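Comments concern the structure below.
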Amino acid sequence: MLVVTTGVALLFLVLPIVAVFLRVPLSDLLSALGSSAALDAIRVTAETIAFAMVLILVFGTPAAYWISSRRGAVRDVVVTLVELPLVLPPAVAGIGLLVAFGRAGLLGGTVDALGIDIAFTKVAVILAVTFVASPFFVRTAVAAFEAVDPTLPAAARTLGAGPGRVFFRVMLPLAKGGLGAGAALAFARGLGEFGATIMFAGSLQGVTQTLSLAIYEQFDVDFNVALAISALLIVVSAVVLLSVKLMTRWHSGSGSLILSAPSSRQRN
Amino acid sequence: MRNRFAAVFAIALVAASSLAPSAGAHRQADPLTIYAAASLTEVFSSFDRAQRYNFAGSNALETQIRNGAPADVFASAAPLNTQRLFQARMVEKPVTFTSNRLVLIVPRSNPAGIHSVYDLKRKPVKLVIAGAAVPVGGYTRTVLRKMGLTSVLSKVVSQESDVKAVTGKVALGQADAGFVYATDARPVRTQVSVIRIPAWAQPRIRYEIAVVSRSSHKAAARAWVKKILSPRGQRALRNAGFLPIPKASR
């Protein structure tokens, strides 16, 4: 029974992925990847996700460190806020970004006055990707900091290291496996970002049209291009997931990493 | 443990089967599934609440039907999409059932100060249109060509997947201007101002409707198409701002 249900589940999950590669010959997929729509989308996605990842790492790492050092109600509230974009439907993220940063939104006028043009620019794509992908990093990073043996930073402090030195010389090196895994997960989620982007940033080839948006547009323009981009995203996502597995195995010696609340991560 | 797995599996199967349409029973009362151009959203859903609708860009609907979507009727904003499916024998012979005209809409606050279509060329503007494969996107390009304004295409900041997405971006004030059907401006008239496009620059807009070949409710689907072509259906369309069937295509 167990074998059968597992088999059914696996088949169900694998079939759509395999089907993408079987619909047309591989050579057709490769030549479709050379179309201008696909190439532009690759460039736009690479640029926007690179910026988003910088934002996520620069702001997310200290935030995760701070959260990992707290207990109690404040921490619960902060963690909940950070996790919200993780469970919110992307459409809600899109609406939220529009009414916050849109031209007629809460901060729209302020941002305009600063001379920053967000509407329909790459900035909008970066904001959307950062919003939906950052929780994946922060959650994993909190767990990574908490997994560090607390006697190590304590020892560093008794030896006279300041908080900055403890963070950079002790905590960061010890947590880097988990941080890398979190970054990879955020990257994978950001790569697939669709709903918030199309609502908030629009879709224009070469400017705001990321790979996911290009699939959506090419779906009824040139189906092969849509297939080819899908195949590319499958390959990249698989590589990312696999590297997460390797990273966590490498650094902690434990098995695979699953997104779960830090406190429930127990070793037997 | 195994028993519990079996129980969960059985429950899942029962749940899945209850979600599947029950074949045979109540065929008469089954609502039709109507795939219709996004611009028909308001008029179709208020004209006949008893049916199920899927509103989207006609090009997206064409692709869905081509890939076996369970539609009974397809109402397209351009003949191209229905005719392609007709040639592939995936729909019955399409008929023209209404027409429309294009307008330019700007947010009420009009941040870019657009007062005529020609202002699009003279002023910096964030213009939103539909993609070239979407009927309204094709009509938009025709208008710009007729008015000698194709250079304006360089000011397009987003190509949307259907006319409602264009309307929404302008109504929200996110975009400065957008080309939509006159009928799409109506539901958002408190949020946008409408700039007319001269008659000589209007594209020939024809909406076509057809019964989908693999529909299992063909008789009901044909009757529904007749209802749209009937005086009552035509009146509903005209009341929503659609134009009568162009004479040449009767």
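Values quoted throughout were computed directly from the atomic coordinates according to the rules given, and no laboratory measurement underlies them. On a predicted model such as this, the values are computed, not experimentally measured, just so you know. So basically every Cβ, Gly included, is an ideal-geometry build from the backbone, and we count neighbours across all protein chains shown.
Quick look at the values:
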| item | result |
| --- | --- |
| Peptides A:133-144, A:19-30, A:93-104 ordered by average Cβ neighbours within 10 Å, highest first | A:133-144, A:93-104, A:19-30 |
| Average partner coverage of A:217-225, which counts Cβ from other chains inside 10 Å | 5 |
| Shielding by partners, peptide A:117-125 (average Cβ within 10 angstrom, other chains) | 3 |
| Assigned charges on the beta-carbon of Lys, Arg, Asp, Glu; chain B dipole about Cα centre (debye) | 480 |
| Folded to 0 to 90 degrees: helix A:223-252 orientation relative to chain A principal axis, Cα | 20 |
| Those lysines that a straight Cα-Cα span of less than 23 Å connects to A:Lys245, excepting residues fewer than 8 apart in one chain | A:Lys176 |
| More than 31 angstrom apart: percent of Cα pairs within the protein assembly as shown | 57 |
| Under 10 Å, Cβ to Cβ, from B:Glu92 - net charge with Lys/Arg +1 and Asp/Glu -1 | +4 |
| C-alpha long axis of helix A:172-191 to longest principal axis of chain A, angle in ° | 20 |
| Alpha carbon convex hull of the range A:1-139, volume per residue in cubic angstrom | 191 |
| Candidates A:Ile198, A:Ile17, A:Ile118: whichever shows maximal mean-square fluctuation once chain A is modelled as a Gaussian network with Cα springs under 10 Å | A:Ile17 |
| Kyte-Doolittle mean at least 1.0, axial Cα span of 20 Å or more - DSSP H helices of chain B | B:2-19 |
| For residues of B:50-63, the mean tally of beta carbons on other chains within 10 Å | 1 |
| Hits among aspartates and glutamates - C-alpha to C-alpha of B:Lys126 under 19 Å, sequence gap 8 or more where chains match | A:Asp112, A:Asp117, B:Glu160, B:Asp162, B:Asp176 |
| Crossing angle, helix A:122-146 versus chain A [Cα axis fit, 0-90 degrees, rounded to tens] | 40 |
| Whichever lysines have a C-alpha closer than 30 Å to that of B:Lys218, once near sequence neighbours (fewer than 8 apart) are set aside | B:Lys93, B:Lys164, B:Lys226, B:Lys227, B:Lys247 |
| Separation of the B:Ala50 and A:Arg23 label points, Cα + 7 Å toward Cβ, nm | 3.7 |
| Dimensionless Rg ratio for the range B:102-201, taking C-alpha atoms and the 2.2 N^0.38 Å reference | 0.92 |
| Shape parameters for chain B, alpha-carbon atoms, Rg then Dmax in Å | 21.1, 75 |
| 14 Å beta-carbon shell around B:Leu144, net charge (K/R +1, D/E -1) | +4 |
| Kirkwood hydrodynamic radius of the range A:43-209, from inverse mean 1/r over distinct Cα pairs, in Å | 17.0 |
| By average C-beta atoms within 10 angstrom, highest first, the peptides A:146-157, B:62-73 | B:62-73, A:146-157 |
| Whole-Å semi-axes of the ellipsoid equivalent to the range B:171-250 (Cα gyration tensor, √5λ, descending) | 30, 17, 13 |
